[in-house]
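Presented below is the structure to which this report refers.
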Amino acid sequence: MADHVKVLTLDTMNPNVKKVEYAVRGPIVQRAVQIEMELQQGVKKPFTEVIRANIGDCHAMGQKPITFFRQVLSICSYPDLLDDDRFPEDVKSRARRILQACSGGSLGIQGCGVIGAPSPPSGSYSTSQGILLVRQDVARYIEKRDGGIKCNPDNIYLTAGASDGIVTMLKLLVSGEGPSRTGVMISIPQYPLYSATLAELAAVQINYYLDEESCWSLDIRELRRALEEARKHCTPRVLCIINPGNPTGQVQSRRCIEDVIQFAAEEKLFLLADEVYQDNVYADGCEFHSFKKVLFEMGPEFSEQVELASFHSTSKCYMGECGFRGGYMEVVNLDPEVKFQLTKLVSVRLCPPVTGQALLDLVVNPPEPHEPSYNIFIKERSHTLAELAKKASMTQQILSQVPGIQCNPVQGAMYTFPRIHIPPKAVSAAQEKGQAPDMFYCMRLLEEMGICLVPGSGFGQKDGTYHFRMTILPPTQKLETVLEKIKEFHQSFTQQFS
Ligand SMILES: Cc1ncc(COP(=O)(O)O)c(C=O)c1O
């Protein structure tokens, strides 16, 4: 026993997992947690709290949940509340409707089947593709969003957040060896779920760069450059787009989306459209256009040919319900035999969380104007979106005043990705520590000011440029403090290393 050698070691484990990186919860956040503990233990710092602007977790940053959602979900979990006078009638009827659609009428309902026995809460699985009623409601929501373009509930798969759907589709799409290995085109800067999943699946990551000088827009010439380059060593099959963008906060124009679809059709690429920020559009003149809608409006030449999976989530927009793990994907033009394989693949994991499915149903089917919950719902939704819009504009305004920081308008989503000038002396100091220069910058910002951001290197950026990603989610006053502290820090950092 003394010489017991572990079966699972760094040498024997899956090497692809070792390549996975996820900056949003990386070393900066680990250090932030340590600093918080030190503060609790009474260690003196130049600040009294760590402000986390590193992750798009709305409720963690103080955003309030939508009352209607939480009321219905409470009843769904504990149906005795149906007798409680505090809940409006539309909340109760919505909860009944969802419960009736759940297997055994249960989403944590009393009565797990043993007659006469006490009834502890139990929760049933749903079908693997998701509860049919919810998929029908999602299909109606998509049809309404897209001006009447048909959506078949059979093409909807409910997911545990958008991440789950994106990973599932990538699993289906990656195959081949050597030059026939699937190449997946992702934007740089990107949301690190993509690079992490590609590393795990040993797919070939093909970087295409967004154009920082024109507000992080997407240029088809850059897509073509990246594709041609990649064809020398892999087989590009997939093009991923995030719109509105994370980490870059841009909203793609309709024209750009048409060009992307045309490009995908010409180059025979499967499109993955990550549209989790579809309600988060703030800038004048910007509008969200779904890939599905634009695809169908381009006519049958495209709508009958281009393969598309698009994703939405309960985690973002005005909902911000990240912990429920709700979401859906819609597949268009998927080969029926592959669709069978997809359904089989999702069956293995049984089903997405049923609470997340129930929440998604409310998101796609919110209170109607004649219902008692309507006014509060609209007030809460508008307030959240208006606050985000105010914070988006304040962020750009304050950061743009800082010499050495260049900040594009935050047109949508929940982030800014400003470019920071890091003096050569600081770059050398970072290199001596074996750190990326923007990691060095963000660590110093955390240690000196208690502000937790993510270095741009975690998202990818053009060589020789440096950025950080920051969410606009802290409450307005706190956000202002964060921005002022960044301003102060940037000036002193630049002076120190000039
Ligand atoms: C662009 C993008 N896609 C997907 C996700 C994953 O969201 P979830 O899995 O919570 O739906 C996020 C989360 O921040 C995101 O920013």
Just to be sure before I move on: is residue 224 touching a Ser or Thr at 6+ places or on another chain (Cβ under 6 Å), away from the ligand (no atom under 16 Å from the Cβ) and either at pLDDT 95 or above or hydroxyl-bearing (Ser, Thr, Tyr) (or both) in the structure I sent? no
Any residue in region 20-32 that is part of a loop (DSSP other than H, G, I, E, B) and open to solvent by 70 Å² or more (accessible area, probe 1.4 Å)? yes
The residue that is surrounded by the most Cβ atoms within 10 Å (Cβ to Cβ), considering only those in region 37-61 that are within 16 Å of the ligand (Cβ to nearest atom) and outside any loop (DSSP other than H, G, I, E, B), is 52
Being away from the ligand (no atom under 16 Å from the Cβ), of a type in the set (Asp, Glu) and in contact (Cβ under 8 Å) with a residue 60 or more places away in the chain narrows it down to one residue among 380, 321; which is it? 380
So, residue 195, is that one under 20 Å from the mean Cα position of the chain (by Cα), open to solvent by 10 Å² or more (accessible area, probe 1.4 Å) and modelled with pLDDT under 95 or not? yes
Selection from region 240-279 of residues that are closer than 17 Å to residue 392 by Cα and within 10 Å of the ligand (Cβ to nearest atom): 243, 244, 245, 246, 247, 277
Filter region 337-356 for residues that are part of a helix (DSSP H, G or I) and either at positive phi or basic (Lys, Arg) (or both); which is surrounded by the most Cβ atoms within 10 Å (Cβ to Cβ)? 339
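So that you can scan it fast, the table gives a plain yes or no per residue for (1) within 14 Å of the ligand (Cβ to nearest atom); (2) touching a residue at least 24 places away in the same chain (Cβ under 8 Å); (3) open to solvent by 10 Å² or more (accessible area, probe 1.4 Å); (4) closer than 18 Å to residue 308 by Cβ:
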position: 149; (1), (2), (3), (4): no, yes, yes, yes
position: 156; (1), (2), (3), (4): no, yes, no, yes
position: 170; (1), (2), (3), (4): yes, yes, no, yes
position: 182; (1), (2), (3), (4): no, yes, no, yes
position: 185; (1), (2), (3), (4): no, yes, no, yes
position: 191; (1), (2), (3), (4): yes, yes, yes, no
Show me the helices (runs of 4 or more DSSP H) entirely contained within region 357-474 in which 1 or more residues are over 19 Å from the mean Cα position of the chain (by Cα) and buried (at least 23 other Cβ atoms within 10 Å of the Cβ). 374-400, 437-449
Does at least one position in region 214-221 carry a residue that is in contact (Cβ under 8 Å) with a residue 60 or more places away in the chain, more than 16 Å from the ligand (Cβ to nearest atom) and closer than 21 Å to residue 264 by Cβ? no
Going through 160, 202, 226, 196 one at a time, which residue ends up being under 21 Å from residue 343 (Cβ atoms) and touching a residue at least 40 places away in the same chain (Cβ under 8 Å)? 160
Could you go through region 86-100 and let me know if any residue there is open to solvent by 60 Å² or more (accessible area, probe 1.4 Å), within 25 Å of the chain's Cα centre (by Cα) and at pLDDT 80 or above. no
Let me spell it out: the conditions are (1) under 29 Å from residue 469 (Cα atoms); (2) modelled with pLDDT of 95 or more; (3) touching a Pro at 6+ places or on another chain (Cβ under 7 Å); (4) open to solvent by less than 10 Å² (accessible area, probe 1.4 Å), and residue 247 meets all of them except one. Which number is the exception? (2)
Go through region 169-192 and report how many residues are over 18 Å from the mean Cα position of the chain (by Cα) and part of a loop (DSSP other than H, G, I, E, B). 5
Filtered residues of region 283-319 (kept if over 28 Å from residue 358 (Cα atoms) and of a type in the set (Ser, Thr, Tyr)): 303
Qualifying positions in region 193-202 - out of contact with any strand residue (DSSP E or B) (no Cβ under 7 Å at 6 or more places or on another chain) and either within 16 Å of the ligand (Cβ to nearest atom) or hydroxyl-bearing (Ser, Thr, Tyr) (or both): 193, 196, 197, 200
For region 62-81, check the following and say yes or no: at least one residue is open to solvent by 40 Å² or more (accessible area, probe 1.4 Å), within 16 Å of the ligand (Cβ to nearest atom), under 30 Å from residue 485 (Cα atoms) and not hydrophobic (A, V, I, L, M, F, W, C). yes
Give the residue that is nearest to the ligand (Cβ to nearest atom), with candidates limited to residues of region 281-318 that are at pLDDT 95 or above and touching a Lys or Arg at 6+ places or on another chain (Cβ under 7 Å). 310
Take the residues in region 324-350 that are in contact with a strand residue (DSSP E or B) (Cβ under 8 Å, 6 or more places away or on another chain) and under 30 Å from residue 65 (Cα atoms), then tell me which one is farthest from the ligand (Cβ to nearest atom). 331
Within 16 Å of the ligand (Cβ to nearest atom), crowded, with 20+ Cβ neighbours inside 10 Å, outside any helix (DSSP H, G or I) and modelled with pLDDT of 95 or more: is that true of residue 166 in this structure? no
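The values are calculated or read from the model by the stated rules, or taken from the named source; none is laboratory data. Treat the numbers as computed from the prediction; the structure is a model and nothing was measured. Note: ideal-geometry Cβ built from the backbone for every residue, glycine included; neighbour counts use all protein chains shown. Ligands, DNA and RNA are excluded from the accessible area calculation, which covers all protein heavy atoms including side chains. Shrake-Rupley method; radii C 1.70, N 1.55, O 1.52, S 1.80 Å.
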